[in-house]
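Have a look at the structure below, then the notes.
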């Protein structure tokens, strides 16, 4: 039987999703393998760097796809649709978290995470942690836009489709998010950037580097 | 590379990715300065972007457990399971319950219900059997209207006590003889008045009942049989026990079948009813004769109207 099996790795996401709608279990497995890390990273960033929670959310997302694959609109790119679903799940989690915090305020002092990182060198791990803390303080839409754009490498057009807004709105959100984060993380030494002289990746509007 | 003259704030991202502040053109720098405070802010944002792109988490740290994959694949399989298998599973669970001891009450109730329904259907079908069959023509024996049901002859009537003494029997015989005479007289008069029904009359004793008056002749026959029976009883009267006969001296007068036919009772035993009956029969016979005459007239007129000669004559005259 393996002789007749097609190579699913060469198929596009949309084609795989068509096979999933027809009940192809292998296609579903291939889609899972393609997106499991991306989605886990996305949920990890969006959900306060909680790995267990991110894993639960990813599992729920794929379970939803398994139960209702026909809810996918073939006219839309699969990745865009997938991130829009993930973003909606995160928004719901934000609301639930808000209720939880109102009921039982966290005793954990967030200032512990906002410890200033002094020194000339840039510790990537520390920066990542600090960035996540600052992202959590942002508006959910701005945070999700930032994560999709700079962590998940989605194009502005795809983000616009995922959010159901215009591309200008996405660009504006990115600009003000960058400006705000730059102001909050200004203790990082700009000279390091000049010393490295590493050119920024020329990311085009469609997300390619 | 051709540059646009007009920039929107959101387009600064493109500049941040591509160029440092020193590399910006004059118009680009002017545009950046309209939205940012200056070089420091521009460079801070550019540095942030660089750090973000370099600070990707370690791939090994963020990978899902294999159990997650197994779980979602199982969900997919369960969702794609054929529905008829689910249906069969439910039937199997119903037929072979895990806790069979807890099912005896509903099983008993269902069995009782089935028994009641079966009995009801059986009763309904058994009571409704005749309409399901084809119509069957059956010959029904009908008792002759003028014929007495009880046997005539030596056997006494069941309804009335039979006469026991000789005197009673003699009186009864005399009354029956009178009745027969009256009936014969009536019949003779009727036949004399209606010659069409028969020309020769025979003696009453040997009367042969004519077909024109069956009812009257039958009465005569029955009356004669009553008389014969009465005579037999007189001959056998000696054998009747005297003590038994005394017990019935106060009993009602004897009623025979012929007496019932002629409406004969103690009140009209003197022959009044018989005479009235004869008068009524005479009236009835007159009506029949009148009806027969009108029928003959109608038959003659019909034959004239249907006669082709008469019709031809009338048409020729016309």
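Things to note:
- FRET efficiency estimate (nearest 0.05) - Cβ-Cβ, residue A:56 to residue A:21, R0 30 angstrom: 0.75
- Relative contact order, percent, region A:9-107 [alpha-carbon distance under 8 Å, six or more residues apart]: 26 percent
- Residue B:102/residue A:166 FRET efficiency (R0 60 Å; Cβ-Cβ; nearest 0.05): 0.40
- Averaged over peptide A:174-182, the number of partner chain Cβ atoms lying within 10 Å of each residue's Cβ comes to 6.
- Peptides ranked, highest mean first, by Cβ atoms within 10 Å: ranges A:56-69, A:146-159, B:21-34: A:146-159, A:56-69, B:21-34
- Efficiency of FRET between residue A:88 and residue B:114 - r from beta-carbon atoms, R0 51 angstrom, step 0.05: 0.40
- Pairwise centroid distance, computed over Cα atoms, of region B:27-43 with region A:22-39, Å: 45 Å
- Sorted on the mean count of surrounding Cβ atoms within 10 Å across their residues, most packed first, peptides A:73-82, A:175-184 read A:175-184, A:73-82.
- Label-to-label distance, residue B:95 versus residue B:307, with points set 7 angstrom from Cα along the beta-carbon direction: 9.6 nm.
- Ratio of Rg to Rh for region A:9-107: 1.05 [Cα atoms; Kirkwood radius as inverse mean 1/r over pairs].
- In range of the label at residue B:63: residues from region A:41-56 whose backbone nitrogen is under 20 Å from the point 7 Å along Cα→Cβ: A:41-45, A:50-56
- Cα gyration tensor, region B:9-53 - rounded (a/c under 1.5), prolate or oblate: prolate
- Within 10 Å of the Cβ of each residue in A:33-40, the mean number of Cβ atoms contributed by other protein chains is 3.
- Packing rank of B:12-18, B:280-286, A:49-55, where each peptide gets the mean count of other beta carbons within 10 Å, highest leading: B:12-18, A:49-55, B:280-286
- Inter-chain neighbour count for A:54-63: the average number of beta-carbon atoms from partner chains within 10 Å of each residue's beta-carbon is 4.
Coordinate-derived values only; no laboratory data. This is a predicted model, so every value here is computed, not measured. Cβ sites come from the backbone with ideal geometry, for glycine too, and all protein chains shown count toward neighbours.
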